[in-house]
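In what follows, a single structure is set out as structure tokens and then discussed.
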């Protein structure tokens, strides 16, 4: 395809050719025809590159802010002697940029380092090949290969303890057992060593294999972590601080053996059984969503069983937001609202513990000084 310069030359050539024919000015017509011929020749020289096989392999799919990850790209062409100019597309954090790949010759591997400046998700690829004529009148671009993602997780700091009420055992270690004998949870396949008294014979006969009843201990507390991703006055910076504080709570809970389910006010949620990395992935994916509805999300939390502790982390809660959050106190005995940013003087409604903090570092200090950490 002609470039902007190529279209300009072609337009001038067409105009000169037309004027030369109309005015019977042979030299003018020849000059216009030559301009059109040059553009046509440039388009032929800048034909689309041939096929290139691309295999991308990031050294890690998850990285912390401020770090970097090495990306290896293996290239193989369809017999051409050399590759055209190649660049890798990198999209994320509200921007898109191209990273020029080193010359790999006719085939081989190239490596570049990708800097991860802040929390978010980076999408790598596809590789873009571009060929143009020496005068820049025409250029052809083709994309190769798929895409890969790199999650930049928020930073997190281990906390001293969590507001889980009466679940710590007398030895001071949180009981992380995920099964018990109090409440039926689901049916699952029989595993060697299971109690035969728990075999569900009717379902086993229907499915043609042994299935057993699985029970859970309903006295084992769970933490519901609610992250306010509606955005604050400072936009993405405020959400980064919220994600960092929420990550500290989530990682501390899971590493203590507690169940911690994560939900964004915008609606996305992830079960704590998915593990630490998956919860941090969701925090990395969070984007400011001003239209999210805190009241609707709190109503959804009311469907959970009583006994959960709910921790709300936000960078901008109003008094109305706190009153909406306080309505959960009849089904959840523990309500903690973490408010990051400048001191706002919010009055805590009955049943809600408000923990103000200037930034994530101040949050860790204040959290560890809270009554549940003593």
Output for the range 30-67, where each listed residue is free of Cβ contacts under 8 Å to residues at least 40 places away in the same chain, within 30 Å of residue 284 (Cα to Cα) and loosely packed, with under 13 Cβ neighbours inside 10 Å: 57
Residue check, residue 251 out of contact with any strand residue (DSSP E or B) (no Cβ under 7 Å at 6 or more places or on another chain) and either more than 25 Å from residue 348 (Cβ to Cβ) or in a strand (DSSP E or B) (or both): yes
Residue count for the range 1-20, restricted to those that are more than 9 Å from residue 36 (Cα to Cα) and in contact (Cβ under 8 Å) with a residue 40 or more places away in the chain: 5
Any chance residue 360 is in contact with a helix residue (DSSP H, G or I) (Cβ under 6 Å, 6 or more places away or on another chain), crowded, with 17+ Cβ neighbours inside 10 Å and without any contact (Cβ under 8 Å) to a residue 40 or more places away in the chain: no
Residues of the range 140-190 satisfying the condition of being modelled with pLDDT under 85, in a loop (DSSP other than H, G, I, E, B) and touching a strand residue (DSSP E or B) at 6+ places or on another chain (Cβ under 9 Å): 164, 165, 167, 175, 176, 178, 179, 180, 181, 182
Residue 328 being surrounded by 18 or more Cβ atoms within 10 Å (Cβ to Cβ), touching a helix residue (DSSP H, G or I) at 6+ places or on another chain (Cβ under 8 Å) and under 30 Å from residue 121 (Cα atoms): no
The range 191-242: number of residues that are modelled with pLDDT of 90 or more and in a loop (DSSP other than H, G, I, E, B): 7
Within the range 336-369, tally of residues that are modelled with pLDDT of 90 or more and under 16 Å from residue 245 (Cβ atoms): 22
Test: residue in the range 77-84 that is part of a strand (DSSP E or B), in the same structural domain as residue 127 (by TED's automatic domain parsing) and farther than 30 Å from residue 156 by Cα: yes
Residue identified as at pLDDT 95 or above, under 20 Å from residue 229 (Cβ atoms) and assigned by TED's automatic domain parsing to the domain that holds residue 263 among 301, 328, 312: 312
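The values are calculated or read from the model by the stated rules, or taken from the named source; none is laboratory data. The model shown is predicted, which means the values in this text are computed figures rather than measured ones. In this analysis, Cβ positions are derived from the backbone assuming ideal geometry, glycine residues included, and neighbour counts consider all displayed protein chains.
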